[in-house]
Each structure stands twice: as structure tokens, then as C-alpha cells.
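Visitor: The structure is given below, and queries will be raised subsequently.
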Amino acid sequence: MRPSLALFIAATMPCSLLLMGIGPQALAKPAARGGGSVYLTTPNPTTPIEHNNRAVELGSKGLWDQAIQEHEIALDGAPDVEMFRRNLSSAHLRYADILAGKKNYTAAIQHYRSALYVDPNNGQADYSLDRCLQALGKSAGDPGYRQSLAESAERTPGHFTEAVVEYRKCTKLQENSGPAYFRLGRCLLRGNRDQDIVSGYKELLTAVRKSWGENEQDQLVECHLLIADTLKDFAYKAKNYADRTKYVKRLNNSAVEYRRAATIAPNNMQAVRGLIEVTLEAISISPTFNNYLTLGGGYVLSGDFDRAKANYEKAWKLDPANAMLAKARRVYHQNVVSSAIVPITRVADSVQKLEAELKKNPEDTEILYLVARGKEKLGETGEAVALLQKALSINKYANPEIQASLARLTGQAPPTTPDGKPAVGADGKPIASANLTGAGAATGTGAGATKTPDASAASAAALSKVEGLLRDGKLDEADQEADKILATNPREGKAWQFKGAIQEKKGNLDDAATDYRQAAGLGIADADSQLRQINLARIQPLQKDADKFVADKNLPEAASVLREITILAPSLPGPYKQLADVLKQMGDTKEAERLLNKANDLDKQK
């Protein structure tokens, strides 16, 4: 090689190659001929780094299609090498810039998307993609338009990359939208690469920690189900590991997600079947009290009361003094007397057992209500009405379903507003019908209702036990006890809150955030503030990294970390301002302006 040519290659070679020890002498050894009159000096590639070097040389000669192919081979051969990923993204970006300069916007858009699929943090590709869409008269900043592009691409075979990039753009335009991250995660899970599945799983975890509207709960259920299914698949991959604890742990984590889905939608049979499947598998390795209790709860939800009883009996044999068994039995009887398809003989059996318990606790309004529901099923309406009236006379703020049942049986419904919702008084509580003697205002209705003052003694004792263990620092024991509560009653918000506190003390902040969000959704008053504090804690290590990258003038890494911070804490204006400043220095002025406007809006909301 002539000295001048060697100097030229050294001068134009990416720093990343020089850092890996690839100098001009190494490139010059075996000369190879390219197509046509192009002369290539890099050796015929056989390793990922050699393919990368060949790609760099092809790019320097303007042979972008061939360069991109070589970069793809390099990345496929070493998918964990970040340099290969960025080089491939940069090749797509350079080629797209050339195409855009020739006003070939359609082809340029394709390569900008490829650049972003490989490296989502390629801010210049994101900015240029928007510019191309605008040049075609499209509304690049409209999340609805970008979502329509993503959905259309997802339905079209061979357009997976386009769908992922457009769904990811939607998350940038709607930073706090749970459904936006859910759609991205769901799309990624359909990819063929392991990296796509892992990325999709992470996006789903982000999604459940974001905001969800009342009309988006079905998607939230699907999100939890996808997380559960993915964890189940991960578990089965670990089935033959020498250490079986990882297998059982993943199964138990999957069961938690199925239970979260069932908490939101108790009649979702996919969630119930998944819960039963993974718990059965866990029991085959670890037949513990908690697993049998969880399996019994799953069978209760499925309406298979014979199997539910059998598993509760197995749990009893392992720990007959455990207070959660009483709660489990009560939940079992509650489902029996509430089900529309249970044989009347089973209802009569539950009523008999509940009446025996009522003799021991005659002031327990929850048992009074359950016996009344059973009596109603047996056709003993008069006795049912008397039991409900007694429950209200004991505690007028008892379970609102008591009032609803009494109103139904007596034909005296509580007052409603013109749109059919329960009427409320000045105190914000529902107004009871004047004809319901002894009836008072309820504490809440629906799935998110908080616990009523007459919570059962068994449940209160179990929660108190968790709280005590948590206070004493016995985190694993506290976690196990909380799981026992949720195995019988997935809607116990206080148990989810305790699990959040347990995970927080263990340092598992992502899991803590999910548990606090679940508690907040179930009406636990201070869970929202705990979730905000967790998000603040989660960003502290990242903020230190971002500040260091900024100080070192490593702007791409700083931008990457700051973007992650805005995802974890979307309500804080500071990270948006810092990210805007970094992007402005990188030349992405449009995105910087958008983020700065976002930060200013958040400042005004304080």
C-alpha cells in the first residue's frame, strides 16, 4: 500500500475501529478485488470485526447497499458489540441522508427507520425521519398518525421494523401513556430475534408503571397477561437447569402477573388458566403451603370448587394453624353463593358451614351477607332480607353490596342520578334509599373500593402479621405472608402495598413500582405518593451517570440515559431540560425544542 493511501485510511477510519486495534497495516495485508473497477484493501471477511471493517471501506466508497449488508453480518455475528450496532445504524443514516438530498423521501424513510430500529437512540435519524414525513405533507408530530402507521405496518407481513419504529415514536410523543408502551412491547414480542423478545418484555414492564385510563383496563389486563406468558416461557427454558430454584422462581413470578390480570378482570379465564398452569408446575417441584393455597384460589376463580377444596386441604395438612386458611374458606364460600352455575346442594353445604361460623361470630357483617346470599339462592328470601337488615343495623357503613342486595330483594333501589349512577350526598357518599331501615352511606363501590371498617378478623390479623414482619426486617417472610393473602384475595390492596414496601426495602425498585401501582388502583390512599417516591429513587443512579457523560462530553450516552430517566419519571421537568440541552448540542434542535416545551408545561403544573 502506498504511504499516502495508508494515511488516508487511518485519517478517515472510525475511532471505534482504531480503539479495537484495527490499524491501516491490518487492513492492508491481503488485497481483494470488489465488483467492477472498485479496489478493496480489506481482507475477505470471515469474522464479525472483518465484516465490520469491510463495511466501513465499502461505505467510504459510497457502496451503501453492500456496506449495510456487511454491517448486518457483523452485528449478527456479535450482537452484544455496541460498536457494530452503532456502525450499522450510522450506515443507514448516511445512506438515508444521501437519498433525502435527492428528494427520494420514500427510500430515505425506509433507511431512517432501519437506523432507528437498530439504535433507538439515534436522534439524528429520528429528526430526519420527521423531516421526510413533513416533506411528504404528513403530520410527523401527531401520535394518532404515527400510531396508524405502526398499526398498518404491523398488519403487513415484512414490515416489522417499520411497526417497531413507529410504535416507539408514539412512546416519545406520549411519555406517560401505558397503552403506548404496551403496543410497542406487544409488537416487539412478535419479533424473531431474542433481543426483540427481551426488549418487548422490558417495554411491557414499563407500560404497567405508566398511566391507564378507565377505558383502557382491557389493554392493561392483556399487558399483564403478556408479561405472565413471557415469564412462563422464560421459566420453561430454565426447567432443565441443575438449579431448579430459578425455574420455580420464574413460575411464581409468572403466577403473580396472572393474578394481577385476574385482580383487574376476575372473569378472565386466560388469566385463571395461566395461574393454575404455572402453579401446578411449581407444585411439582416445590409443594409448599403457599403454592397449594394459590392453586386453590385459582380453582375457585375457575369455578372448580372440588379441586379448590382438595388443594386447601393439602395446604391445611402442611400448616393447619395458618390464619390464611380461614380467609381462603371464606373466599371459597363467597364464590359458591355468588356463582350462577353451582349446584344447589353445594350452596346448601356452604350455607351450613357459614351458619356454624356465624354462631361463633354473630356480629360479623361479612358472614351475615354471605349467608343471606346463600339463603337467597335457596329461595329463602325472607331470611335473606332479615340477615341483610341485621348486617346494616350493626354497621351502616358495611359492604355496599349489602345495600344493593337488600334493595334488589325488597324492590327498593337506592336513588340514582339521571345517567344511572348512584346519587351522592354533600359528603360525597352514596345516598341510601329512605325505605331501607338502618341503611347508611357506603364507603365505596366497584373494583377499586377500599376495605370496609368491618374487615374480617382473619384478614386483619394476616395483614398485621405482614406489617410486623416488615417492621422487623424479615422481608422474605413478610413477602410469603403477603402472597398468602393475595392467593385467596387478589383484590386486597393493602397486601399489594406491603409487597411494594418489601420490594423497596430489598432494592427491587421496578417491582416495588408495579406493586404500588396495583395498590393505588385498588384504592389505597397513599400508594400514589409511594409510587412517585419510588420513581424518584429509581432515577438517582441514572442521573449520576447522565451527569458524568455530560461532563465527559459523551453526548450520545448522556442522551440515552436521560431518555431512560424521562421514561421512569415523566412528571419531572429537570431531565427533559437536560436532555433538550444535550440534543441541541448534538444538532437535533427540533426534538430539543419539543422537550423544552414539555419541561415548561410540567413547570406550570407545579
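What follows draws every value from the coordinates through simple rules; no lab data is involved. None of these values were measured; they are calculated from a predicted model. Backbone-built Cβ (ideal geometry, glycine too); neighbour counts: all protein chains shown.
Visitor: Starting with the fewest neighbours, write out 89, 60 ranked by other beta-carbon atoms found within 10 Å of each beta-carbon.
Guide: Fewest-to-most Cβ neighbours within 10 Å comes out as 60, 89.
Visitor: Rg (Å, one decimal) plus Dmax (Å, integer) for the alpha carbons of the stretch 127-196?
Guide: Cα only, the stretch 127-196: 12.0, 37 Å (Rg, Dmax).
Visitor: Between the alpha-carbon centers of the stretch 315-375 and the stretch 552-602, tell me the distance in whole angstrom.
Guide: 56
Visitor: Continuing with this model, one more query. Kindly put 359, 505, 314 in sequence by how many other C-beta atoms sit within 10 Å of each C-beta, fewest to most.
Guide: Starting with the residue having the fewest Cβ neighbours, the order is 359, 505, 314.
Visitor: If you don't mind, another one. Could you run the Karplus curve 6.51 cos²θ - 1.76 cosθ + 1.60 with θ = phi - 60° over the stretch 343-358 and give me ³J(HN,Hα) per residue in whole Hz, x for Gly and Pro?
Guide: Result, ordered by residue: x, 5, 5, 5, 4, 4, 5, 5, 4, 4, 5, 5, 5, 5, 5, 5 Hz.
Visitor: Separate question: How much mean residue ellipticity at 222 nm does the chain get from its helices, if each DSSP H run of length 4 or more adds -39500 (n - 2.57) and you divide by all residues, to the nearest 500 deg cm²/dmol?
Guide: -23000 deg cm²/dmol
Visitor: Find how many whole Å separate the alpha carbon centroid of the stretch 97-123 from the alpha carbon centroid of the stretch 178-222.
Guide: The stretch 178-222 and the stretch 97-123 have Cα centres spaced 25 Å from each other.
Visitor: Across 10 Å bins from the origin, how do the percents of Cα pairs in the chain run, short distances first?
Guide: Spelled out per bin, shortest first, that is 3, 13, 21, 20, 16, 12, 7, 4, 2, 1, 0.
Visitor: Would you mind giving the average projected area, over all directions, of the Cα convex hull of the stretch 532-604 in nm² with one decimal?
Guide: So the Cα hull casts an average projection of 4.3 nm².
Visitor: Report the Stokes-Einstein translational diffusion coefficient (µm² s⁻¹, integer) for the stretch 329-408, Rh taken as the Kirkwood radius over Cα pairs, at 20 °C with viscosity 1.002 mPa s.
Guide: Numbers: Rh = 12.3 Å.
Value of D from the Cα-based Kirkwood radius: 174 µm²/s.
Visitor: Output needed for the stretch 123-250: three equivalent-ellipsoid semi-axes, defined as square roots of 5 times the C-alpha gyration tensor eigenvalues, in descending order, whole Å.
Guide: 31, 17, 12
Visitor: Follow-up question, since we're still on this one. Seen from all sides and averaged, what is the projected area of the convex hull of the Cα atoms in the stretch 214-410, in nm²?
Guide: Average of the hull's projected areas for the stretch 214-410 equals 12.6 nm².
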